[in-house]
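I have placed the structure first, in the form of structure tokens, so that the comments after it can refer back to it.
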Amino acid sequence: MTITTDAGTGEWVSASADFDAFVAARSTALLRTAYLLTRDQLLAEDLLQTALAKAWLAWSRIEGEPEAYVRRIVVNTYASWWRRKWRGELPTDELPESGTAAADVEGANDLWDALGRLPRRQRAVVVLRYFEDLTEAQTAALLGCSVGTVKSQTSKAFAKLRIDPSLARTDETSEEGRA
């Protein structure tokens, strides 16, 4: 950690001021990325907190723009969490109601459900490319792969989304409404 003196006050200022400013400025965008990957607000907050803790440890070594570095930590941490066997099941006192409440919303969560069924790498590529609006090169650099891999994973993800039953049902419903 770099410690310097503030020229105006002569007080000691650490690199944590830079880190604090970064967190204040970019945590909302990073939380959005974490949420799109996990599809759960609490898990997204945990994921971001873990990633920021890892970034803090490496803060003095980060050169250039730190957001790409931290975003990569978020994606890699998410990938390592996905490899764990436990998938976040929580015990409850009450049994859930039958599926009628979800049917009332009719299609509101179909896209989220379809994204959730994608393999983790394909979901990461779709989230980074189309929700975070990163270029193919930025996505490749962030995931540590080639641009061709990003393109092929995007193509495979879209192919799976095209044949996903929940999204196909939505397309049929919208075509019936036009007729």
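Readers should treat all values here as calculations from the given coordinates under stated rules, not as data from a laboratory. What you are looking at is a predicted structure, and each value in this text was computed from that prediction instead of being measured. Every residue, glycine among them, receives a Cβ derived from its backbone with ideal geometry; neighbour counts consider all protein chains shown.
Observations on the model:
- Karplus 3J(HN,Hα) series, Hz, for region 147-161 with 6.51 cos²θ - 1.76 cosθ + 1.60 (x for Gly, Pro): 4, x, 5, 4, 5, 5, 5, 5, 4, 5, 5, 5, 4, 5, 5
- Shown is the FRET efficiency for S27 and S60, computed with R0 = 22 Å from the Cβ-Cβ distance and rounded to the nearest 0.05: 0.65.
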